Amino acid sequence: MPEVSTPDVAETTTAGTVATLSRLRPYAAKALPRIYLAMVVTLLASAVALTIPQVLRWLVDGPLADGDVTQLWIAFGIVLGLGVLEAILIGLRRALVLTPGTHVEARMRNALFAHLQDLPVSFHDRWPSGQLLSRAVSDLNLIRRWLAFGLVLLVVNVLTLIGGLIIMVTLNWVLGLIFAAAAVPVIAYGFSFERKYSDVARRSQDQAGDLATSVEESVHGIRVLKAFGRGRYALKRFENQAEQLRGTEIEKAKAIAGIWLYLTLIPDLAFGVCLVVGVWLASTGQSSVGELVAFFATATVLLFPIWSMGYFLAMTLDAKTATLRFFEVMDSENTITDPAAPVTIEGGAGELVFDDVHFRYQDAPAAFPDLIDGVSLTVRPGETMALVGLTGSGKSTLTALTTRLYDVTGGAVRVDGADIRSLSRADLRTRIAMAFEEATLFSTTVRENVLLGRPDATEAELREALDIAQASFVDDLPQGLDTKVGEEGMSLSGGQRQRLALARAIAARPSILVLDDPLSALDVDTEALVEAALRRVLARTTALIVAHRPSTVALADRVALLENGRVTAVGTHSELLATSEHYRFVISSLEGERAPQMTELDQKGARS
Amino acid sequence: MSDSAVPGAADRGVEGVEGEERDDLNKAESAQIRARSLRLLGSLIRPMRVKLALSIFVVVISTISQVAGPSIIAYGIDTGLPALLNADWMPVSLAGLAYLLAGITGAGLIAWFTVLSAQISQAILFDLRRRVFLHTQRLSLEFHESYTSGRIISRQTSDLDAIRELLDSGINQLVQGVLYMVFTAVALFLLDVESGFILLGALVPLAVLTRWFQLRSQRLFRRTRVASARLIVKFVESMTGIRAVKAFRTEKRNEDEFGGLVEGHRETNARVIKVFGIYDPGLVLIGNVAVAVVLLVGGFRVIDGGMEIGVLLAAVLYTRRFFDPMEDMAMFYNGYQSATAALEKISGVLEERPSVPDPERPVDLWAASGAVAFEAVDFGYVEDRPILPPFDLRIPAGQTIALVGSTGAGKSTLAKLISRFYDPSHGRITLDDVDLRDLHPKDLRRAIVMVTQEAYLFSGTVADNIAIGKPEASRDEIIEAARAVGADEFIRGLPNGYETDVNKRGGRVSAGQRQLISFARAFLANPAVLILDEATASLDIPSERLVQDALQTLLADRTAVIIAHRLSTVSIADRVLVMEHGRIIEDGSPAELIGGTGRFAQLHASWRESLV
C-alpha cells in the first residue's frame, strides 16, 4: 500500500465535510442549476405534503362539526389535487436530477482516467491498480448517488423540518416548542456521529481498495499460484483482508445504529409528551380538536424526514470520503509534463546523447547511491549501440529515461541536440519507439496492437514490420490479423508476444529505436532470423539495444558496458573482449573462461 | 461470447458464463439464469437462518411498537380528552406512557436490528467473496485464458459492490418496510374495516405498476452489469500496461475509447433511472389518492355519526404511513434488480466447472519418486486442431531432460500437461504410475512445480514472494534458497533487504531479478519434478551460469524438464528431446545427438556460432 492512499485519519477528519464536497463543484457545475431547481421542486412537494394536515384541521373543525356534505366534497377535491401535485413534483425532481447526475459521474470518470494516463510511471509503480479501480468505479458511483439523492433530500429534509416546526409552533406554540426542543440532543449527537462515521467510512473504502488489489493480483498471478498450488495460501490472505473489511463494516453499522437510536427515540418521546400536554390543552379549551389533529398529522409527515436524516447523513459522509479519495489521485501532480513552449526539431538525424545522466527513485533512501550514476554516452545517428551489464546494473532504467517514462534527476538526455524535456512528449515518443522485454498486448486485434504507435501505417508497412519480427504466425491465427488477442495476449506464447511487441516498435518507424532485451524469449533459429532482418532496419535507424547475449551484441556497432549505474567501457565487441575483464565476464559463456570468472564473482560477493 | 460459437448451446441453455454479454435472453434462458442465482442466494442465506429469525423477531416487535402510535393518539383524543374534561387524568396518562414505552422499545430494537442485519449481510458477503475467490483460483487455466482478467476482476469488485449495496441498506429497508406496511394495514383493519378495504383496493394498481417496472428494468439492469464490466476491463488493462500506453502515445485513443464505454455505461444507467423515475411518483400518486378516498368515505361516516373523529384521523395517518416506506421499498427493488443482475453473472462464474477437475477419490502420493510417463497422449487446445499428435514418453525418476525445438513446436504445451494446467485429450499422464487426474492437488503441486518465463511478483516483501514456494519456510530457509540461485546478493542490496516491499521505496526490481526470485521460490518448494519453461530467458550470462550451477546440485536427485533456447542448459541434461510440429523427432543423450547429423546437431552448431 502506498503511503499516499492511507493518509492520517486525523487529516481526513480535519478536512471539513462541506469544504471537501464543494470541490466537486467544477464537475457538477453544469448539473448544479438543475440540482437547485430540484431542491425547489422537492421543497414544494414537501409543502404540499404539509398542507394536507391543514385541510384536515379545517375539515375537522368546520364541515365535520357542522355536517356539511358539499364542503366535504371540496375538502376531498383539495386533498386529491394536492396528492396528484405531490406525485407530479416528485416525478419532476427525478427527471431534473438523475440524468445530470450520470453526466457528472461520467465526466469525473473520464477526468480520472485521463489524469491517470498522464501521471508518470513512477506514480503507477507506487499505486496498486486495485486502489485506482475502486476509486474509478465504486467511489464515483457513490458520488453520483449522493448528488442525485443525498444532497437534494438532505437539504430539502432540513428545510421541511424547519417549515414543519414553524407550522407546528403556529398551530400551538407550547406543543411546537416541546417538539423543537427535542431537536437539540439529536443535532448534538449528529456532530459526534460525523467524526466517528468519517473515520470508519474512510477505513472501509481503503480496505475495499486493498481487497480489489488482492483480487487483481490473484487473477494476474494465477499461473504462479497454480504452479505452486498456492490457491489456498492466496485465499487465506484474501480472507484476512475480507475479514478486516467485514469488521469495519460492522463498526460502521454500529455507528449508524447509534444515530438511528437517537433519531427514532427522541421524536417518539416528544410525541408522547405532546400527546399528554395536547389533550390537557384541549380539555382546558386552549386548543381545538382540529388543531390537535393537524398537529399530529404534521408531526407524522415530519417523522420520515427525521428518520431518513441518519441515512442521508451517512451517505453524505461516504460521499465526502469518496471525494477525498478521488482528489488524492487528481491532486497527484504530474512531474513529467510538456514544456510551455516545446522545441521542434526539423528533420533530425537521430542522435541520442546521455550527458552526465543521474537517476534515482524519489522515494529511495538518502543513503542509497543513484541508480544511474553519471552516464555520459553518445549514440551517433544511424549507429546501433548495445547496452551490456549485469542484472540490476541499470540497463532497463537507462532505456526508460529516453522516452521520459522517468525523468532524469541530474544531467540531461538529448535528441539531435535538444534536451528531451524541451520537446513535447508526443513528439519525443514519435521519434523514439521502445520494445519492452515484457510485451504488453491489449485486448484488441493483432493489427491494432502492432500499429499502436502509427495507426495510419499502410498494409505494406505493417507486413514489413511483421516480417522483420518473424511474426508470420499471425496468419495462422483464426482470423489472421483481425484476431483479437486477449488482454495480456494470454493465448499467445511469450515468444510470440515478444515478436509482436518488436513488430510494434518497428512499425512505428522512429528515428531512434530503443529495444530492451527484445529477443530473450525467442529460440535460436528464430532469433537468428530476426537478427538478420533487423540488420536492415538498424542500418537506417539509430538504436539502443539492451543485450544479454553475444548474438544480440553482434547487431551493434558499438557496445557500452554498464556497471552499477555507470558506463565503464565503450567500444566494439572485440575491443571490449580484448580489454575489459568485466565485459568478458558478463558476455562470454564459453566453458573455458569459466574458472577465472567465478573467482571474480566470489570477490565481488565478498566485497559487498 | 456468441452462441453460434457454442454448438449444442440450445440443449444446455445458458450454462456458466455463456450468454453473459447478451441481453436478449429468451424466457427459458432467463428462467434458467434466475433459478441458478436464486439457488446461490438460498445457499448463502441458509447458514444465517438462526440469526435471521432472531432479527426478524426483533424487527417485528419494534415495528409493532412503531405502528401502535396512531392508535394511541386516537385513544388519547377520543377517550383521554372526554375523561380529562371530567378531571380524570388516568386515560391520557396511560396514553402518554404507552407512547413513551412504545417509542423506547421501538427505537432500541431498531438499533439492535441494524447491527444484527449488518452482521448477517456482512457474513453473507464474506461467504460470497470467499466462494468466488476460491472458485476463480480453482478454475483451469483454460477458463482464465478465454475469460479476460478484467471481467473476472469486475465480477469480484463491481458486481459484489451491487450485492453489498443491496444487503447494506436494502435488507433493512425491505424487512422494515414490508412489516411496517403489513402491520399498518392490520392496525387499520382492526381500527376500521371499511378504511382497511379502501387500502386493499389501492393494492391492485400498485401490483400492476410494480409488474411493469419489473419487466422494464430487468433487461436494463443486465445491460448495466455488462457495461460496467467492459469499463473495468479497459481501465485495468490501460493501468497495467501504462508503459506501453505512454511509449506509443495511445493516451488520446484510450481516452476516446474509454469515454465511449463510460458513455455507454452512463446511458444504460440513465435509462434504468428513467424507468424508476416513473415508478416512484406512481407509487406516491396511488398512496395520495387512497388517502383522499379514506378521508371522503370517513368524512361521510363521521357526519352520519358512524365514526369518531379520532378514528378518522388515525385511519388517514395509517393510510399515509402505509405508503411512506414505498419509496424506500422502490429503492430496495431497484437495488434488488441490480444485485440480481450481478448475482446472475457471479452464479455463472461459480457454475463453470474446472476443465481440469480435482479427483473425487484422490490416490495418496506422499513422497513421489518423480517418474513421469505419457501413455498414448494427444492434445489440442481446440478440438480438431491437435497440437500434440499421439505419443508415448517415459521419464525415469531423477532424469534431467532438455526440451528443444523452435517456437511453437509444442514444448510449452508438453510442460503444461505435466504440471496439469491442462488434461490430455486422450491417453494418460502418470507420476509414479498414478494418473495425474487421480492425484490430490496438494500432492500434485508438492510433487510437480513449474517455473515460467513470466515471473509475477505479488505485493508484499521479497521474502513473502520467495515464501510462496513454501509458506511455512523459516527465514533461514528463504535466505538459503535465495543464496542457492544467486539472488541473495542483490536482495541484500535492496533498501530493506528481504523485507523490502516490492511496490515501494526502490524495491522495483528488474526482469532478471524477478526471475531470480521466482527461481528461489521453486528452489524452496523442493519438488520431485521441476519444470522450467524459459525460466532463465531474462538473466544475464553470469546469473544464468550461477543458476546452472545451482541447478546441477538441485537436479541431482530429482526429475526435471527444462525448456531453454540457450543450449547451454543442455550441458546439465541427461537426455535431450527435440520437438518439431508437436512431435518428438530426436531423443538421446546430448553427446549422441551433438555427434550425430540430426536437427539437434544443427541447432547446436548455430547456437555455438551465436556465442562468438
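The values are calculated or read from the model by the stated rules, or taken from the named source; none is laboratory data. Small disclaimer: the values here were computed from a predicted structure and weren't measured. No Cβ is skipped: glycine too gets one built from the backbone with ideal geometry, and neighbour counts run over all protein chains shown. Calculation scope for accessible area: heavy atoms of the full protein, side chains included, ligands and nucleic acids excluded. Shrake-Rupley method; radii C 1.70, N 1.55, O 1.52, S 1.80 Å.
Given the Cα-Cα distance of B:Arg34 and B:His440 and 0.36 nm per residue of separation, how much length would full extension add, in nm?
142.8 nm
Can you give the angle from 0 to 90° between the axis of helix A:32-59 and the longest principal axis of chain A, with both taken from C-alpha atoms, to the nearest 10?
Once rounded, one gets 20 degrees.
Provide the per residue accessible area, probe 1.4 Å, for the protein assembly as shown, rounded to a whole number of square angstrom. Don't jump to the answer; show the numbers that get you there.
On the way: 44960 Å² over 1220 residues.
Counting only protein heavy atoms, the per-residue value for the protein assembly as shown is 37 Å².
Run the simple label-point estimate for B:Gln552 and A:Thr458 please: 7 Å along Cα→C-beta, distance reported in nm.
Spacing of the two 7 Å Cα→Cβ label points: 5.6 nm.
So which residues in the range B:534-558 end up with at least 50 square angstrom less accessible surface once the other protein chains are there, compared with the chain by itself, probe 1.4 angstrom?
B:Asp540, B:Ile541, B:Pro542, B:Arg545
Per residue in the range A:361-386, which ones lose no less than 50 Å² of accessible surface when going from chain alone to all protein chains (1.4 Å probe)?
Listed by number, the residues meeting the 50 Å² cut-off are A:Tyr361, A:Asp363, A:Phe368.
Looking only at chain A, where both bridge partners belong to it, what percent of the DSSP beta bridges are antiparallel (to the nearest 5)? Intermediate values should be presented prior to the final figure.
Values: 19 of 37 bridges.
In chain A, DSSP labels about 50 percent of beta bridges as antiparallel.
Hydropathy at least 1.0 by Kyte-Doolittle, axial extent at least 24 angstrom from the Cα trace: which helices of chain B, defined as entire DSSP H runs, fit?
On the way: long enough: B:27-45 (26 Å, 0.13); B:49-75 (38 Å, 1.49); B:90-138 (70 Å, 0.87); B:171-191 (29 Å, 1.83); B:193-240 (66 Å, 0.56); B:251-304 (78 Å, 0.34); B:309-351 (60 Å, 0.43).
Membrane-span-like by this rule: B:49-75, B:171-191.
Mind checking the alpha-carbon convex hull of the protein assembly as shown and giving the volume per residue in Å³?
175 Å³
How much of the accessible area of the protein assembly as shown, in percent, comes from carbon and sulfur atoms when a 1.4 Å probe is used?
In the protein assembly as shown, the share of accessible area belonging to carbon and sulfur is 59 percent.
Are there GluC sites (Glu not before Pro) in the range A:346-435 that DSSP marks as loop and that have at most 13 other Cβ atoms within 10 Å, and which are they?
Sparse-neighbourhood loop GluC sites (Glu not before Pro): A:Glu346.
When only Cα pairs under 8 Å and 6 or more residues apart are kept, what is the percent relative contact order across chain A?
Normalised by residue count, the contact order of chain A is 14 percent.
May I ask you to derive the FRET efficiency for A:Asp407 and A:Glu346 from their Cβ-Cβ distance with R0 = 22 Å, giving the value to the nearest 0.05?
0.30
Tell me, what are the semi-axes, in whole angstrom and largest first, of the equivalent ellipsoid of chain A as set by the roots of 5 times the Cα gyration tensor eigenvalues?
Taking √(5λ) for each Cα gyration eigenvalue gives 72, 26, 21 Å.
Using a 1.4 Å probe on protein heavy atoms only, how many Å² of accessible area do B and A hide from each other, summed over both chains and rounded to 100? Don't jump to the answer; show the numbers that get you there.
Working: alone 31290 and 29840 Å², together 44960 Å².
Chains B and A together bury roughly 16200 Å² of accessible area.
How big is Rg to Rh over the range A:352-607, alpha-carbon atoms, Rh as the Kirkwood inverse-mean-distance radius?
Across the range A:352-607, the Cα-based Rg/Rh ratio is 0.98.
Take every residue in peptide A:247-255, count the Cβ atoms of other chains within 10 Å of its Cβ, and give the average of those counts.
4
When the helix-only estimate is applied to chain A (DSSP H runs of n ≥ 4, each -39,500 (n - 2.57), divided by the residue count), what is the mean residue ellipticity at 222 nm, nearest 500 deg cm²/dmol?
-20000 deg cm²/dmol
Describe numerically, in nm with one decimal, the distance between label points set 7 Å from Cα along Cα→Cβ at B:Ile61 and at A:Lys30.
Roughly 5.4 nm, to one decimal.
Just which residues of the range A:392-409 lose 30 Å² or more accessible area with every protein chain there, against their chain alone, with the probe set to 1.4 Å?
Output list: A:Leu405.
How far apart, in nanometres, would the label points at B:Asp358 and A:Lys236 be if each is projected 7 angstrom from Cα along the Cα-to-Cβ direction?
1.6 nm
Find the centroid of the Cα atoms in the range B:119-170 and in the range A:105-120, then give the distance between the two in whole Å.
26 Å
The range B:314-408: which GluC sites (Glu not before Pro) are DSSP loop and have at most 12 other beta-carbon atoms within 10 angstrom?
Taking the range B:314-408 and a limit of 12 other Cβ atoms within 10 Å, the loop GluC sites (Glu not before Pro) found are B:Glu360, B:Glu383.
Write out the GluC sites (Glu not before Pro) in the range B:464-558 meeting two conditions: DSSP loop, and at most 15 other Cβ atoms within 10 Å of their Cβ.
B:Glu472
Work through the residues other than B:Pro91 whose Cβ is under 15 Å from its Cβ and net out their charges, Lys, Arg +1 and Asp, Glu -1.
Local net charge: -3.
Give me the percent relative contact order of chain B, please, defined on Cα pairs under 8 angstrom at least 6 residues apart.
14 percent
Projected area of the range A:20-330, taken from the Cα convex hull and averaged over every viewing direction, in nm²?
Average projection, Cα convex hull of the range A:20-330: 20.0 nm².
May I ask you to derive the relative contact order of the range A:352-607, considering only C-alpha pairs under 8 Å and at least 6 residues apart, and to give it as an integer percent?
Worked out over the range A:352-607, it gives 27 percent.
If each residue of separation counts as 0.36 nm, what is the full-extension length gain between A:Asp363 and A:Ser332 once their alpha-carbon separation is subtracted?
Length gained between A:Asp363 and A:Ser332: 9.7 nm.
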